[in-house]
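Asker: Structure below; questions to follow.
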Amino acid sequence: MTGRFIAFEGGEGSGKSTQARRLADHLGALLTREPGGTPLGERLRQLVLDPPQSEAPSDRAEALMIAAARAQHVAEVVKPALEKGQDVVSDRFIGSSLAYQGAGRLLGVSEVEAVSLFATDGLQADLNIFIDVDEATAQERLNRSLDRIELAGKDFHSQVAEAYRKIATNDPEHWVVINGNATVDEVTEEIMIAINQRL
Ligand code: TMP
């Protein structure tokens, strides 16, 4: 029996990391994140999100570095866990690349999807939970210093949010949209209901 693979998706300040932790605790699942989740992936994360100014990757380099981190993450962590029957909860996965690199960076959603599927050797999440928050709520919650992609500007992040909504609407079998504007406990409850219905 293979484990279930659930990915949390959303923009900055959506509260997805808190919710991913809560769900992983509830399911007894392995909690991991992207970009990252392995020593190599965490190094790539730092190069992508916090590079010295002179070394900021180009948009395509950014997409490929994130994909490389994803390939390592799937091969070393996600796939072995699922094969042992362990559930896995990932804070971000392929959906983030579709929304941020495909739509936000204008690299093309289907092109970026092809790169991601090459990286994962075809592995996809069983369920993607998109936590949708309005801009004002996201701004209120962002009280820490921002990384290079978070600093990409308002238009970029509106495009990311729109892309998530479109991707989720077009693939209801693999995506569920959760209203993230409610309290943390209310959002958790909505997620638990969705999980019980869907998995
Ligand atoms: P986090 O702070 O929510 O963990 O997200 C890390 C940053 O990486 C966030 O700005 C979104 C970005 N990111 C992408 O642009 N593409 C991806 O595929 C992933 C996984 C993250």
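Asker: Mind checking which residues of region 125-137 are touching a Ser or Thr at 6+ places or on another chain (Cβ under 8 Å) and surrounded by 20 or more Cβ atoms within 10 Å (Cβ to Cβ)?
Answerer: Step one: list which residues in region 125-137 are touching a Ser or Thr at 6+ places or on another chain (Cβ under 8 Å), which gives 125, 131-133, 135.
Correct list: ALA125, ILE131, VAL133.
Asker: Also, I was wondering about something else. Taking the condition within 11 Å of the ligand (Cβ to nearest atom), over 14 Å from the mean Cα position of the chain (by Cα) and either over 22 Å from ASP155 (Cβ atoms) or touching a residue at least 12 places away in the same chain (Cβ under 8 Å) (or both), does VAL48 pass? Walk me through how you get there before you give the answer.
Answerer: Values: within 11 Å of the ligand (Cβ to nearest atom): yes; over 14 Å from the mean Cα position of the chain (by Cα): yes; either over 22 Å from ASP155 (Cβ atoms) or touching a residue at least 12 places away in the same chain (Cβ under 8 Å) (or both): yes.
Yes; evaluated as a whole, the condition is true for this residue.
Asker: Right, another one. I'd like the full set of residues that are part of a loop (DSSP other than H, G, I, E, B) and either hydrophobic (A, V, I, L, M, F, W, C) or within 12 Å of the ligand (Cβ to nearest atom) (or both), limited to region 93-141.
Answerer: At the first step, the residues of region 93-141 found to be part of a loop (DSSP other than H, G, I, E, B) are 93, 105-108, 121-126, 133-134.
Scanning region 93-141 gives PHE93, ARG105, LEU106, LEU107, LEU123, ALA125, VAL133.
Asker: Would you check which residues across region 32-46 are buried (at least 19 other Cβ atoms within 10 Å of the Cβ) and of a type in the set (A, V, I, L, M, F, W, C) and list them?
Answerer: LEU44
Asker: Out of GLU55, GLU9, GLU34, GLU62, I need the residue that is under 16 Å from ILE149 (Cα atoms) and either modelled with pLDDT under 95 or among the polar types (S, T, N, Q) (or both). Which one? Let's see the steps before the verdict.
Answerer: Working: GLU9 fails: either modelled with pLDDT under 95 or among the polar types (S, T, N, Q) (or both); GLU34 fails: either modelled with pLDDT under 95 or among the polar types (S, T, N, Q) (or both); GLU62 fails: either modelled with pLDDT under 95 or among the polar types (S, T, N, Q) (or both).
Going through GLU55, GLU9, GLU34, GLU62 in turn, the sole match is GLU55.
Asker: Could you list, in sequence order, the residues of region 62-81 that are over 16 Å from PHE118 (Cβ atoms) and either among the aliphatic types (A, V, I, L, M) or surrounded by 14 or more Cβ atoms within 10 Å (Cβ to Cβ) (or both)?
Answerer: Keep residues of region 62-81 that are over 16 Å from PHE118 (Cβ atoms), which gives 62, 76-77, 80-81.
GLU62, GLU76, VAL77, ALA81 - these are the residues of region 62-81 that are over 16 Å from PHE118 (Cβ atoms) and either among the aliphatic types (A, V, I, L, M) or surrounded by 14 or more Cβ atoms within 10 Å (Cβ to Cβ) (or both).
Asker: Can I ask one more? Among the residues of region 152-165, is there at least one that is within 26 Å of LEU30 (Cα to Cα) and touching a Leu at 6+ places or on another chain (Cβ under 8 Å)? Break it down into steps so the answer makes sense when it comes.
Answerer: Initially, region 152-165 is screened for residues within 26 Å of LEU30 (Cα to Cα), giving 164.
So of that shortlist, the ones also touching a Leu at 6+ places or on another chain (Cβ under 8 Å) come out as none.
No, every residue in region 152-165 fails to be within 26 Å of LEU30 (Cα to Cα) and touching a Leu at 6+ places or on another chain (Cβ under 8 Å).
Asker: Only one of ASN143, ASN128 is of a type outside the set (A, V, I, L, M, F, W, C), closer than 18 Å to LYS16 by Cβ and modelled with pLDDT under 95; which? Break it down stepwise before answering.
Answerer: Numbers: ASN128 fails: modelled with pLDDT under 95.
Of the residues listed, the single one that is of a type outside the set (A, V, I, L, M, F, W, C), closer than 18 Å to LYS16 by Cβ and modelled with pLDDT under 95 is ASN143.
Asker: Only one residue in VAL112, VAL176 is farther than 29 Å from HIS26 by Cβ and either in contact with a helix residue (DSSP H, G or I) (Cβ under 6 Å, 6 or more places away or on another chain) or among the polar types (S, T, N, Q) (or both). Which one? Walk me through how you get there before you give the answer.
Answerer: Values: VAL176 fails: farther than 29 Å from HIS26 by Cβ.
Criteria check complete, one pass: VAL112.
Asker: Of the residues LEU23, LEU30, LEU82, which single one is under 21 Å from ASP132 (Cβ atoms), in contact with a strand residue (DSSP E or B) (Cβ under 7 Å, 6 or more places away or on another chain) and away from the ligand (no atom under 15 Å from the Cβ)?
Answerer: Values: LEU30 fails: under 21 Å from ASP132 (Cβ atoms); LEU82 fails: under 21 Å from ASP132 (Cβ atoms).
From the options LEU23, LEU30, LEU82, the qualifying one is LEU23.
The values are calculated or read from the model by the stated rules, or taken from the named source; none is laboratory data. All values derive from a computational prediction rather than experimental measurement. Note: ideal-geometry Cβ built from the backbone for every residue, glycine included; neighbour counts use all protein chains shown.
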